[in-house]
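For reference, the structure is listed below as structure tokens.
What follows draws every value from the coordinates through simple rules; no lab data is involved. All figures in this text were calculated on a predicted structure; none of them were measured in a lab. A quick note on method: Cβ atoms are made from the backbone with ideal geometry, for glycine too, and the neighbour counts reach across all protein chains shown.
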Amino acid sequence: MGAAQGRAGPGASQRKGPTSQALKDEKDLALGEGEGKDSGLKQSQLKVRFCTNESQKSRGELVRLLRRLGFDISEGEVTAPAPAACQILKERGLRPHLLIHDGLRSEFDQIDVSNPNCVVLADAGEGLSYQNMNKAFQVLMELEKPVLVSLGKGRYYKETSGLMLDVGAYMRALEYACGIKAEVVGKPSPEFFKSALQAMGLEAHQAIMIGDDIVVDVGGAQRCGMRALQVRTGKFRSVPAAGSESDS
Amino acid sequence: MAARRALKAVLVDLSGTLHIEDAAVPGAQEALKRLRSTSVMVRFVTNTTKESKQDLLERLKKLEFDISEDEIFTSLTAARSLVEQKQVRPMLLIDDRALPDFKGIQTSDPNAVVIGLAPEHFHYQILNQAFRLLLDGAPLIAIHKGRYYKRKDGLALGPGPFVTALEYATDTKATVVGKPERTFFLEALRGTGCEPEEAVMIGDDCRDDVGGAQNVGMLGILVKTGMYLLYKPFLKQDGRLHNYLKNVLCRNGRVLSTLIPFLSQSKNKMGLESQGKRQ
């Protein structure tokens, strides 16, 4: 499902035996340099994969949005937390209580959500009300062995209206309330990067990660054995940002 | 721990110890009367985030507790003192009912965040506002960091999880003013002129009451009402709570089923196993 194999269109067939590859955070494309840079990368012989912690939208919706912005991206090129979480839920027979954005629900269509035995938390935006957080808390406290799966653990991200709290903050809230540790699916988890590399059939040393988050993108990729580039867009701040320390 | 001296002051928790919501803990009024008949000074210390001192006093009077306003020391009082000391203009993320305790404090154009338990304010947008202030360098003052509390309909999140969320997002530490902070107990004792070694703290929360008091050198006594009754079912899930409770009991030994056995000098020494039977 790597970019070279998964994509039809001009240029795809010319890609052969790339020696260095790129994973990208799609938000940087959208907020940053735009189509020009994307095309440049895609026309190179590198395999490209889009590695995102997007957890408000389904992959389909995300790709539609990016295509409207002029990016040539297909669903199969995206590594995202929700499908990875579904995989884990199926493997372990977990039935989640979902505290997620409505836009993400379709990713969980095939998952049994009756009689929940875990909580899946994502950036639910306005859905992250006291009432909804409390409901998730109560579900966890009633479990013999509470399992909290968090789609990412970012501290904050940038929207046009300003910086917004990300799912990591709410994950910490539930961890603290219940005295538990969440299982994080998404960047900077090594498993997540590995699954993206696996989709491209590559080793860590053959790839580079480009993103705006020094901890989640750059730090996560480096800990996985990849090289990484930080772009000066998105949440990049010229002064050391809050939470820019390593967070393992 | 320093050597104990003669008992001169008793700090008593309110919610869960003397009363639960609008009902007195059975026998608590009588216990307080007996405590009053001795020569020890009594102070009432509580981690309220939603009730002003005036509200607390009215409720306690209704429940026939003999308590005066200057004997009460709350986390809201402590927060106000800190705001005044720092000369900041706080965004008040607190319950509207607590606002009287901040009367006269300037809140326009905020450059600080005071956070209590305010479910009606704990929404995505308002938390984002607070988050942005903090990112600009505003100090975060937390009334307390309680994890959860008991409501009539079950357990509910306390302010602690939301404080933790903001701390994590901004990589800062809140200044916590309520129990179990050292300064809280020391401030509460200040008016009594007693040293921590001359005082005991009686409460229903093993972390906030007993643990906090022990950390400043007081003796902590856990009553088996209020929060205590909640602990047991969650001991299995909450490893930290389990260890903490075990620790408190090992260090302190005295666990009391209500205030009365304490006052009649009954010393129930129970381990975790024997407590389990109460459930």
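Before moving on, here are some points about what is shown:
- Rounded to the nearest Hz, the phi-derived 3J(HN,Hα) couplings of region B:172-187 under the Karplus curve 6.51 cos²θ - 1.76 cosθ + 1.60 (θ = phi - 60°) are 10, 10, 6, 8, 8, 9, x, 4, x, 5, 4, 4, 4, 5, 5, 4, where x marks glycine and proline.
- Loop-resident sites, region A:150-221, for GluC sites (Glu not before Pro), counting at most 15 other Cβ within 10 Å (DSSP): A:Glu203
- Environment charge of B:Ala112, counting only residues whose C-beta is closer than 9 Å and scoring Lys/Arg +1, Asp/Glu -1: +2
- Cα gyration tensor shape of region A:125-226, rounded if a/c is under 1.5, else prolate or oblate by comparing a/b with b/c: oblate
- The local environment of A:Asn132, defined by Cβ-Cβ distances under 13 Å, has a net charge of -2 under the rule Lys, Arg +1 and Asp, Glu -1.
- The charge dipole of region A:81-184, taken about the Cα centre with unit charges on the Cβ atoms of Lys, Arg (+1) and Asp, Glu (-1), comes to about 260 debye, rounded to the nearest 20.
- Other protein chain Cβ atoms within 10 Å, averaged over every residue that makes up A:118-131: 3
- Fraction of beta bridges assigned by DSSP in region A:81-184 that are antiparallel (%, nearest 5): 30
- Counts of other chain beta carbons within 10 angstrom of each beta carbon in peptide A:173-183 average 6.
- Pairs over the 28 Å Cα-Cα cut-off, from the set A:Lys135/B:Lys61; B:Lys103/B:Lys173; A:Lys135/B:Lys86; B:Lys62/B:Lys86: A:Lys135/B:Lys61; A:Lys135/B:Lys86; B:Lys62/B:Lys86.
- Values of log10 I(q)/I(0) for region A:81-184 across q = 0.13 Å⁻¹ run -0.42, by the Debye formula with one identical scatterer at each alpha carbon and no solvent.
- Most positive-pole-ward Cα, A:Val167, A:Tyr156, A:Ile180, against dipole of region A:81-184 from beta carbon charges: A:Ile180
- Packing, as the average of other Cβ atoms within 10 Å across residues, places the peptides A:50-59, B:189-198 in the order A:50-59, B:189-198, highest first.
- The amide H of B:Asn111, built 1.01 Å from its N in the peptide plane, has B:Arg89, B:Met91 as neighbours under 5 Å, considering only residues 5 or more places off or on other chains.
- Net charge over other residues, Cβ less than 15 angstrom from the Cβ of A:Ala173 (K, R count +1; D, E count -1): +3
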